[in-house]
Amino acid sequence: MSTSWEPGTRLGARYNILRELGEGGFGRTYLAEDLHRFQELCVLKEFVPQIDEPSLLAKAQELFEREAKVLYQLEHPQIPKFRELMREGGQLFLVQDYVEGSTYRHLLQNRQDYGGHFSETEITQLLYQLLPVLDYIHGLDIIHRDISPENLILRTQDGRPVLIDFGSVKQIAATVERELAAEANKTRIGKAGYVPPEQFQSGTVDATSDLYGLAATLVVLATGKEPMELYDAYEGVWRWETLITLGAPLNGVLKKMLAPSPVQRYASAAEVIQALQGQMPTEDEPSASVAPVYADDNGGPGPMHDAEVYPTEATQVVSPSSTTAALETPTAVSPSKQAGDRDGFIQAAIGLLALLGVSSLLLTLLFGLGLRPRLPFGQRAPEPEQPENVPDALTADEVARREELLQRRESLGVNEGWLNRWVNQRFYQQYPNLQGRPLTAAVEDAPLRLRWDNLAMDALDILELHLSMPARRGLGAYGADDRESWGRTVNQMNVSSRALDDLADAKFAAIFPQQQRDEILDQPIGQIWYALAQDSLEALDAGDTLTRVEFEPGAFRQRLSGQLAAGEGQVFVLDLQAGQNLRINLQAPPESTHMSLYLPEPSQELPFLLSDASETTWSGRLPQSGFYEIAIASKSPNPFNYALSVAVENVRTTPPEEEPAEEDTSEQPIDDGTTPDDDGATDSPAETESPETDTPSEDETNGQDTDEDDSGGLLEFITP
């Protein structure tokens, strides 16, 4: 194999190598920055086939280029976007988007450090999230061939799993080797233990190969053990059941996905979904008729295509007077009142329903949901009378699932009542035809309850990923008073509440791109915006997102640079005087930022100079003296580098000496860099005496607009 490319090497006059990410049998993978996209990060996969014969090598490269064209078809949010095929130094490279996040191998190792592993709920959700991806690629007659914890990334931006190393060098090289099978030695693709026997022995693959790899990955995540510790090579069977007990139908589904022969496995990802919904047999049990539950892009139970849950006879809206217990949620309360109000509510509800003869069923539901009634010290809960006929109840697996949700919610410090309301909001938004219908403990509602639980687990994932513990603890109790208090706090830093809002808005939009702040603040989801605002306040106070721009003696221009990830922002504060000319120029990828310029003393007539604008330049004469703020916020899903240039006129580090005023009855000209002559004509800016200005070169601006006057000349700032 050829030597690796050193960091700092520029490939194709466009990609700057940052570091090597890995090496395989077909080449190396590099992290690089795209110089044509403002140093946006990307991944380069090098193709270096192990072929010495020049004629065969040329043939391999020809086939590689032909097969690479297939990648242009791929348009899926959980697959890195293919950008281009590039040739450099006699080698071929695939260029793909960079995915920021942690691999599931890394996530598992973190849990193993504390003796943990992934829960049944988590692997069930992961299965539901990845099956649509496999269904998509298999529909294009593409097989991944190498599904494993190393090739799955939990994306930081939205908490969704992304299938990487896909449509990559391995995929295309497999086709190349197939066509050169008579002349070249075959290299097996896939990690031992994660590929089925037929792929390992002969390289034969089909859709069931990826299903096998996915099931093996889930079993490893659920047990924390490697395949060689779980697979009995002599018997040809997996033995994870000696370590963990998984509920139905998941256990049977995984066993069938891991069957030794392709004909014994599910033929497609769609069949796996049907089995999970009880619509076809698993390894352990016959098929059962269960109402289907459908998924959105965030995962959870669902088939491969969009659909709705239509009410059946078993899922009709129940009357409030029905004796079937329903899963209700408590009302929002502040943290100081949560314990007492919740306990009183629960005890009152138990007493009322006991009169109806269904208290034992309600207790089962409450403990399953994690709503544990607290009684005064010294008192014990009365033993409820067992109803003679209780047709429906939560299964032991479901109670365990609710217990798992309870423990995770408590470990994250999330208020129970608020979480229930938010999950309900998400649930009924997905299934509007069920609006107003509570979920009951009936067997027919079991699929809907599973969907609700998966949404709750997904919600906890979002909160853990994006909020600090102090911010999470306040969920359910934030309000307008907090916002006013935060405004007073940032004002002491010479930062406006508008700038704080900009930082919170950017974070919120990165998580929920379809939501607008002003439309959701009084809804359960609005509490997340408040929590993000609290974290943004802490970041400002720590100086992580706040920069004070001060000019060195004799200087009047500064250039500040950095990197913004999805949802991040920065605030720059400048102490300026009325009458000074200010020019700002932001260099960043197109349509990647919002920029604002806020006044020291905003008014109704002039609230700001720039607000949430896509423009990257601004220039003008300042109307007030005081602290001006430049707020920039990312609206890009990918990290990017930026450079902010700030130039001002009349920057002084010491007060100027006073000069005697000369009486002048002539009309005073506006100081715009030109001087009127006797004929009323003006000299060009080039004729005006001024120091040399430090303006960005064409390379610096990367083709972006700069401030120009009407004649097309560059606006200069003149010091006295």
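Coordinate-derived values only; no laboratory data. Note that this is a predicted model, so its numbers are computed, not measured. Here the Cβ positions follow ideal geometry from the backbone for every residue, glycine too, while neighbour counts run over all protein chains shown.
Projecting label points 7 angstrom from Cα along Cα→Cβ for Glu100 and Thr395 puts them 4.1 nm apart. Applied to the stretch 615-623, the Karplus parametrisation 6.51 cos²θ - 1.76 cosθ + 1.60 on θ = phi - 60° returns per-residue 3J(HN,Hα) values of 4, 10, 9, 7, 8, x, 8, 7, x Hz, with x for Gly and Pro.
Annotation: average projected area of the stretch 392-540 is 9.3 square nanometres, based on the convex hull of Cα atoms across all directions.
Inter-label distance, Ala565 to Leu35: 2.7 nm, where each label sits 7 Å from its Cα along the C-beta direction.
Per residue, the Cα convex hull of the stretch 515-647 amounts to 124 Å³. Computed from backbone phi with θ = phi - 60° and the Karplus coefficients 6.51, -1.76 and 1.60, the 3J(HN,Hα) list for the stretch 476-491 is x, 10, 6, x, 4, 4, 5, 5, 5, 5, 5, x, 5, 5, 6, 4 Hz; x is used for glycine and proline.
Between Tyr234 and Glu65, the C-beta separation translates, for a Förster distance of 41 Å, into a calculated FRET efficiency of about 0.35. The share of C-alpha pairs in the stretch 590-632 whose separation exceeds 11 Å stands at 65 percent.
For Thr593, the residues whose modelled amide H falls within less than 5 Å of its own, excluding neighbours fewer than 5 places apart on the same chain, are Lys635. For Gly27, nonlocal amide neighbours, meaning residues 5 or more places apart or on other chains whose placed amide H falls under 5 Å from its own, are Val48.
Applying 1/(1 + (r/R0)^6) with R0 = 35 Å to the Cβ-Cβ distance of Val263 and Glu23, what FRET efficiency is obtained, to the nearest 0.05?
Numbers: r = 36 Å, r/R0 = 1.04.
Efficiency, from the Cβ-Cβ distance: 0.45.
Pairs spanning more than 19 Å between alpha-carbon atoms, out of Lys225/Lys255; Lys81/Lys507; Lys45/Lys225; Lys191/Lys225: Lys81/Lys507; Lys45/Lys225. Taking amide H positions as modeled 1.01 Å from N, with prolines and chain starts lacking one, the residues under 5 Å from Ser611 and 5 or more places away or on another chain are Leu597. For the stretch 478-544, the normalised intensity computed at q = 0.17 Å⁻¹ comes to -0.54 (log10 of I(q)/I(0), Debye sum over alpha carbons, equal scatterers, no solvent). Each residue of the stretch 235-242 is assigned a 3J(HN,Hα), and the resulting list reads 8, x, 9, 8, 10, 6, 5, 6 Hz, derived from the Karplus form 6.51 cos²θ - 1.76 cosθ + 1.60 (θ = phi - 60°), x at Gly and Pro. Over all projection directions, the Cα-based convex hull of the stretch 463-582 averages an area of 9.1 nm².
Check each of the GluC sites (Glu not before Pro) in the stretch 530-626 and keep only those in coil by DSSP with at most 13 other C-beta atoms within 10 angstrom; list them in order. Present the calculation step by step, with values, prior to reporting the outcome.
Numbers: sites: Glu538, Glu550, Glu568, Glu591, Glu605, Glu615; in loops: Glu550, Glu568, Glu591, Glu605, Glu615.
Sparse-neighbourhood loop GluC sites (Glu not before Pro): Glu550, Glu591, Glu605, Glu615.
If the chain linking Arg557 and Glu226 were pulled fully straight, counting 0.36 nm for each residue of separation and taking away their Cα-Cα distance, it would gain 113.4 nm.
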